[in-house]
């Protein structure tokens, strides 16, 4: 990515489920019998965070910012702020109530007293993630390399806490604890579609970035990359925004 180039915003959903382990979850292992029985692929992402069940009900967003971009703050914590605020505003637009952006103090308090499902991404809080009714509805992570910054966000339309517990080899109590600390959008507002949420988030990002986002087709090289991933059995379907 050219240093002076624009940022890239890309939404993703999957056609086959995967258990995604984050960089900070190196000691968290999947239950091999459970993932085999349910036909779930286990993959690891380069960004931080705990394990996430990436199924058809999880909307994932990648924001790639070139080095020096004004939205890629050098402070790795504050770099999340604008994105968390954009999602919070979009959720309110979609009718979700009691939406809050997690401040640094609240995140520190949560880490000092972790809950029973804290090893999962949606079982704990980090700065500038988003809650609704006190339950986490947006997870954030990032990776930084020489060319720039990758910010990643995930919001579940529906949260299958019990399935994630099974895939991690945890008991039903873990699933219940996760369901108490996190939620899918379907529990928070009626009739919110993926398209409506994507449109609302895109509008907020465009407003904060000061640019108009435009839809774009994948390039031939990107189509080849997707085909290679699918051939490996991950079943990932990606789209640009």
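For region 30-115, list the strands (runs of 3 or more DSSP E) that sit wholly inside it and hold at least 3 residues that are on the phi < 0 side of the Ramachandran plot and free of Cβ contacts under 8 Å to residues at least 40 places away in the same chain; which are they?
Strands (runs of 3 or more DSSP E) meeting the threshold: 99-101.
Determine the pairs where a residue that is free of Cβ contacts under 8 Å to residues at least 40 places away in the same chain and on the phi < 0 side of the Ramachandran plot, located within region 118-147, has a partner that is assigned to a strand (DSSP E or B) and crowded, with 23+ Cβ neighbours inside 10 Å with Cβ atoms under 7 Å apart, the partner being 6 or more residues away or on another chain.
From region 118-147, the pairs are 125/136; 131/137.
So the check is Cβ under 8 Å with 6+ separation or different chains; which pairs have a first residue in region 159-188 that's touching a residue at least 24 places away in the same chain (Cβ under 8 Å) and at positive phi and a second one that's assigned to a helix (DSSP H, G or I) and surrounded by fewer than 20 Cβ atoms within 10 Å (Cβ to Cβ)?
169/34
Would it be correct to say that residue 68 is more than 17 Å from residue 12 (Cβ to Cβ) and touching a helix residue (DSSP H, G or I) at 6+ places or on another chain (Cβ under 9 Å)?
Judged against the criteria, residue 68 is not a match.
Looking at 119, 159 in this structure, which one is crowded, with 17+ Cβ neighbours inside 10 Å, at pLDDT below 95 and touching a helix residue (DSSP H, G or I) at 6+ places or on another chain (Cβ under 8 Å)?
Working: 159 fails: at pLDDT below 95.
After applying the criteria, what remains is 119.
Condition first: at pLDDT below 95, closer than 30 Å to residue 67 by Cα and in a loop (DSSP other than H, G, I, E, B). Can you find one or more residues in region 134-155 that meet it?
Within region 134-155, one or more residues are at pLDDT below 95, closer than 30 Å to residue 67 by Cα and in a loop (DSSP other than H, G, I, E, B).
The values are calculated or read from the model by the stated rules, or taken from the named source; none is laboratory data. Source: prediction; values computed, not measured. Every residue, glycine as well, gets a Cβ built from its backbone with ideal geometry; the counts of neighbours run over all protein chains shown.
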